[in-house]
Structures are given as structure tokens and as C-alpha cells.
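Only the coordinates and a few stated rules stand behind these numbers; no lab work does. This is a predicted model, so every value here is computed, not measured. For neighbour counting, all protein chains shown are included, and Cβ atoms are generated from backbone atoms with ideal geometry for every residue, glycine included.
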Amino acid sequence: MRLHTGLFLIAISTVSITCGCTPQAALIASLIPDGTLNALLGNLERVPDENRRRVAELERRGEWTELGQLAARELAKDRSNADWWLIAGYAHSRLGDHAAAAEAYSQVVRIEPDNAAGWHLLAQTHRAAGAPHRAVNVLNNALLALRDSALTHYLLGETYSDLKRYGESAGAFEGALKIEQKFPAAWYALAMAYMRLNRPADARAAAAQLEKLDATLAGRLRDALSQAAVIPR
């Protein structure tokens with residue numbers, strides 16, 4: 001099972017940077033925002049069509065407890081099915097049970113070590129639970145299997161930012177951009193990291209790259225840097 005990186009990139013660019021909710025509240029939503037479970041299901045290989053429809057209906061109605069119970073019943077039949085563990089983790093996340101969600105996502109990556117969705121959701125669950133150190137460990141382990149994943153590097157940078165480790169944060173964002181140069185959220189985050197490291201010239205250079213990719217996001221970055229007196233108004 002693979003969940004396409006494009007879904008994550010779109011979600012992160014449009015939700016975690018632009019939404020009005022708090023960063024902690026946006027963490028899980030940034031990966032699977034409301035209404036995108038169908039896109040997730042489209043990448044699940046070991047869930048029959050009848051169950052896909054059932055999962056989609058439960059998600060539409062917000063029946064997270066029932067969704068978790070459905071996943072538990074299916075996992076009782078086959079605990080090696082990473083797809084059902086992913087659905088179980090999603091249900092637990094929606095219920096705010098971060099410990100149960102983390103356990104489910106841990107099972108996903110144990111069964112499928114190259115499962116990007118499992119690694120990323122596990123890390124974001126730890127962040128949502130207020131445990132960024134655990135998220136750093138998860139993402140560094142993920143990079144052993146996902147070396148060419150720009151999103152993994154990006155999430156690692158975000159997590160280092162949680163810890164105010166801005167040098168390592170910038171390094172992670174740079175790693176993401178070595179893999180995918182047309183990644184607006186990473187340019188934005190890199191410029192902000194440079195700002196916090198008192199590297200105004202580098203922040204301006206990152207902002208210039210963002211201007212070429214996303215004018216709206218670049219405008220927000222200019223405002224943020226202006227307020228910090230890195231780029232004058």
C-alpha cells in the first residue's frame with residue numbers, strides 16, 4: 001500500500017500553513033483533512049470494495065467509534081493487514097486517542113517498513129500528543145526507508161521547529177528542497193527557519209524562490225519577515 005505524496009503536499013501547503021486553527025490542532029488534519037478519506041481509500045489494496053464503501057460512509061457521518069470497531073473486527077481476522085491498521089489509526093486520531101493511534105500506525109510501519117503514510121501519520125500523532133522528540137525519532141527512522149521523500153524531510157524540519165532546534169530544522173528543509181525544488185511550503189518554512197537563525201540574506205534568497213512558485217504564500221512570507229525586520233516594508 002502506498003499513499004501518494006502529492007496528496008500530502010497539497011494538504012500541507014493548503015491546510016497547515018493557511019488554516020486558522022492552532023498548529024497542534026492542524027497536525028493530523030494537515031495529512032488527512034476532512035473529506036479526503038476517499039482519496040486515502042483509493043490507495044488501500046487490501047480492503048474490499050464493500051468495506052471501502054462502509055468506511056467512507058462512517059467517515060462521512062463522523063462515526064469514529066464505529067469506524068474503529070470495524071477496523072478492530074477486520075484486524076481480528078488478519079492482524080497483518082496494514083491497511084486496516086491505517087484505518088484504525090485514523091479512527092483513533094479522530095477520537096483524540098493519540099496513544100491508540102500511535103500504536104496502530106506503529107503496526108503499519110512494522111508490517112510495511114516502506115509505508116510513507118504510516119511513518120508520517122505516526123510522527124504527526126506524536127506531535128499532536130505533544131511529544132516532538134518521539135516524532136523526530138520516528139522521522140529519522142523513516143528516512144532510512146524513505147530517503148527520497150521530500151515530505152519526510154519537511155515534516156522532520158517542522159518537528160525540529162517544534163523543539164526550537166532551528167539549525168537542524170533548516171537542514172531538514174534544505175534536504176526536502178534538494179529532492180523537490182518546487183515545494184512552496186518547504187521554501188516558506190526554510191525562510192522562517194533562517195529568520196530565527198538571524199540569517200537575513202538566506203531568508204531573502206528563500207523568499208525569492210518562493211515568489212516563483214506561489215505568489216500568495218510569498219506575500220504572507222514577506223509580511224512575516226517584515227514584522228521581524230528581516231525584510232523592511
(request) List, in order, the whole-Hz ³J(HN,Hα) value for each residue of the stretch 74-80 obtained from phi through the Karplus relation with A = 6.51, B = -1.76, C = 1.60 and θ = phi - 60°; use x for Gly and Pro. (result) 5, 5, 5, 7, 7, 6, 9
(request) Let me know the shape class of the stretch 52-176, please: from the alpha-carbon gyration tensor, a ≥ b ≥ c as square roots of the eigenvalues, rounded when a/c is under 1.5, otherwise prolate if a/b is greater than b/c, or oblate. (result) prolate
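Apply the a/c threshold of 1.5 to the C-alpha gyration tensor of the stretch 170-233 and tell me whether it is rounded, prolate or oblate.
Oblate, because a/c is 1.5 or more while a/b does not exceed b/c.
If the chain between Ala76 and Asp223 were fully stretched, how many nm would it gain, using 0.36 nm times the residue separation less the Cα-Cα distance?
Numbers: separation 147, 0.36 × 147 = 52.92 nm, distance 5.25 nm.
The Ala76-Asp223 span can extend by a further 47.7 nm.
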(message) Quick check: pseudo-label points 7 Å beyond the Cα along Cα→Cβ at Gln69 and Ala215, how many nm apart are they?
(response) 5.2
(request) Rounded to whole Hz and in sequence order, give me ³J(HN,Hα) for the stretch 117-129 from the Karplus expression 6.51 cos²θ - 1.76 cosθ + 1.60, θ = phi - 60°, writing x for Gly and Pro. (result) 4, x, 4, 5, 5, 4, 5, 5, 5, 5, 5, 5, 7
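Order of Ser80, Ser149 from fewest to most other C-beta atoms within 10 Å?
In order of increasing Cβ crowding within 10 Å: Ser80, Ser149.
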(request) May I ask for the net charge around Pro184, where only other residues with Cβ less than 13 Å from the Cβ of Pro184 are counted and Lys, Arg are +1 while Asp, Glu are -1? (result) 0
(request) Would you be so kind as to identify which of Pro200, Leu217, Leu177 lies farthest towards the positive end of the dipole of the stretch 170-233, taking Lys and Arg as +1 and Asp and Glu as -1 on Cβ and the Cα centre as origin? (result) Pro200
(request) Go through the stretch 194-203 residue by residue and turn each phi into a ³J(HN,Hα) via Karplus (6.51, -1.76, 1.60, θ = phi - 60°); whole Hz please, and just put x for glycine and proline. (result) 4, 4, 5, 8, 6, 10, x, 5, 5, 4
